[in-house]
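Encoded as structure tokens, the structure appears first; notes follow it.
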Amino acid sequence: MIRINNNYLLLQGSYLFAEIAKRFNEYTQKNPSKKVIKLGIGDVTEPLTPAIIKGLEQGVKDMSNIDSFKGYKSDNGYEFLIDKINHLDFKQRGVKLDNNEIFITCGAKEDTANFQELFAENIKIAITDPVYPVYIDSNVMAGRSGNFNNGRYENIVYLDCTADNNFIPEIPKEKVDLIYLCFPNNPTGQTITKSELAKWVKYARENKALILFDAAYEAFIKDDNLPHSIFEIEGAKEVAVEFRSLSKTAGFTGTRLGYTIVPKEVMIYDKNDNKHSLNKLWERRQSTKFNGVSYIIQRGACEVFTENGRKEINKVINFYLENAKIIKDGLTKINIKSSGGINSPYIWLETPNGYSSWDFFTKLLEECQVVGTPGVGFGKCGEGHFRLSAFGDRANIQEAVERLSMLKL
Ligand code: PLP
């Protein structure tokens, strides 16, 4: 008889976005004439830029010609792309990487979910609360959690991120082996300074732990003092892996391309404490389970790293950041406290008058016809918070803010 992987029975239904959709549908069916504005999604809304489209077209052309046609590309990605990434994202920021430390992949969701495969089942993992749910669910699937009680899994160390610690997790009191960090953060929009990040690097070095650093939103950082990469921190190359993505950087949520940095210095240990190269292990995993990102997409992605392509994507990012400012200013005017939205597309607001996240969702939908994401959907500490996203059409954002100003508080 075919049996289920019992770990899957521990997973909580991905009820958040399904529940939002259900409530949205019920409302629009009852109120067909009302226009609802969605500020809940974490998906981009602006199209790919002309330079990227040109690159993609060139990729298609290359595939039609016998001399430039490409079949399987079994190693980490095309050198023409990796070279550019290495130069622009890392070398220019003072981070020295070899090309074979950069792995081209289909996106950060896949890699942040898959990476845990390389580690023993009984390691202790630490995740922030609130959190991007992929980190936790992929570990639950792999059997690293106990049961789900009171909004949390047993055997997982939760790092609370609340207004009291300015949404920056504190170093855990107990020993952990694998730490997931994400900055700029989804959902809080919070960023981390070099000195705060250095504390995590120090912890990882002292405890032979590993940091999985999700930098999917680094392109939104405009403050020159903030690190774009964990490898800007001294010593991080021995204890960290970094995930990057063109999804939010260049509108690739549907096109799919990410890259993961696994430095050769990172070692992991077997039961006899012998060292193994994480880079080699990841390469081994990828060569067995992954056959590369399409040549056409890599060709298009290459344009993100040209001077012209950079200018174009910066314009789009600035547009989203202006949206974020409009939302943030609108909230300030009605005395709603928020964080994020400055070097990030997400605004994390404190629900007014003690509303629960879901009660505030209902209030916004019914009074303003605006949809956001209840913070509690990202973890227990998200209760009493709400995420608004700056991805969207300018006129809609302005109208949403106008409607928010009418909110009866
Ligand atoms: N990491 C974080 C923190 C995200 O918020 C998202 C998407 O919303 C991803 C990763 C997924 O990125 P990708 O589209 O590259 O899979």
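Quick look at the numbers
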{"item": "Test set (1) of a type in the set (Phe, Trp, Tyr); (2) part of a helix (DSSP H, G or I); (3) crowded, with 21+ Cβ neighbours inside 10 Å - TRP358 fails condition number", "result": "(3)"}
{"item": "Subset tally (residues that are touching a strand residue (DSSP E or B) at 6+ places or on another chain (Cβ under 9 Å) and either assigned to a helix (DSSP H, G or I) or outside the structural domain of ASN318 (by TED's automatic domain parsing) (or both)) for the range 1-26", "result": "7"}
{"item": "Hits in the range 132-147 - residues which are hydrophobic (A, V, I, L, M, F, W, C) and within 9 Å of the ligand (Cβ to nearest atom)", "result": "VAL134"}
{"item": "Residues satisfying the stated conditions in the range 332-351, i.e. more than 21 Å from the chain's Cα centre (by Cα) and either assigned to a loop (DSSP other than H, G, I, E, B) or crowded, with 21+ Cβ neighbours inside 10 Å (or both)", "result": "ILE334, ASN335, ILE336, LYS337, THR351"}
{"item": "Some residue of the range 75-90 being in contact with a Ser or Thr (Cβ under 8 Å, 6 or more places away or on another chain), over 30 Å from GLY146 (Cα atoms) and of a type in the set (Ser, Thr, Tyr)", "result": "no"}
{"item": "Candidate set: the range 156-177, residues that are more than 16 Å from the ligand (Cβ to nearest atom) and touching a residue at least 60 places away in the same chain (Cβ under 8 Å); chosen: the one surrounded by the most Cβ atoms within 10 Å (Cβ to Cβ)", "result": "TYR158"}
{"item": "Index of the failed condition, TYR158 passing every other in (1) under 18 Å from CYS381 (Cβ atoms); (2) part of a helix (DSSP H, G or I)", "result": "(2)"}
{"item": "Every pair of residues 6+ apart whose Cβ atoms lie under 7 Å, when the first sits in the range 30-58 and is among the acidic types (Asp, Glu) while the second is surrounded by 21 or more Cβ atoms within 10 Å (Cβ to Cβ)", "result": "ASP43/PHE391; GLU46/GLY251"}
{"item": "Cβ pairs under 8 Å, 6+ apart, first in the range 272-297 and part of a strand (DSSP E or B), second of a type in the set (Val, Ile, Thr) and surrounded by fewer than 20 Cβ atoms within 10 Å (Cβ to Cβ)", "result": "LYS275/ILE268; HIS276/ILE268"}
{"item": "Output for the range 305-320, where each listed residue is touching a Gly at 6+ places or on another chain (Cβ under 9 Å) and surrounded by fewer than 19 Cβ atoms within 10 Å (Cβ to Cβ)", "result": "THR306"}
{"item": "Among the candidates ALA250, ALA216, residue that is in contact with a Ser or Thr (Cβ under 6 Å, 6 or more places away or on another chain), closer than 21 Å to GLY107 by Cβ, surrounded by 24 or more Cβ atoms within 10 Å (Cβ to Cβ) and in the same structural domain as ILE296 (by TED's automatic domain parsing)", "result": "ALA216"}
{"item": "Some residue of the range 72-82 being polar (S, T, N, Q) and either within 16 Å of the ligand (Cβ to nearest atom) or at pLDDT 95 or above (or both)", "result": "no"}
{"item": "So LEU197, is it over 14 Å from ALA126 (Cβ atoms) and outside any loop (DSSP other than H, G, I, E, B)", "result": "yes"}
{"item": "Given (1) free of Cβ contacts under 8 Å to residues at least 40 places away in the same chain; (2) more than 25 Å from the chain's Cα centre (by Cα), index of the condition ILE136 fails", "result": "(2)"}
{"item": "Evaluation of LEU81 against (1) touching a helix residue (DSSP H, G or I) at 6+ places or on another chain (Cβ under 6 Å); (2) surrounded by fewer than 20 Cβ atoms within 10 Å (Cβ to Cβ); (3) part of a helix (DSSP H, G or I) (one fails), failing number", "result": "(2)"}
{"item": "Residue among THR112, THR128 that is closer than 23 Å to ASN279 by Cα and either in contact (Cβ under 8 Å) with a residue 24 or more places away in the chain or not in a helix (DSSP H, G or I) (or both)", "result": "THR112"}
{"item": "Residue in the range 178-199 that is nearest to the chain's Cα centre (by Cα), counting only those that are hydrophobic (A, V, I, L, M, F, W, C) and within 13 Å of the ligand (Cβ to nearest atom)", "result": "CYS182"}
{"item": "Hits in the range 105-126 - residues which are of a type in the set (Val, Ile, Thr), crowded, with 18+ Cβ neighbours inside 10 Å and more than 12 Å from the ligand (Cβ to nearest atom)", "result": "ILE125"}
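The values are calculated or read from the model by the stated rules, or taken from the named source; none is laboratory data. Quick caveat, the model's predicted, so the values are computed rather than measured. Positions of Cβ are backbone-derived with ideal geometry, glycine not excepted, and every protein chain shown enters the neighbour counts.
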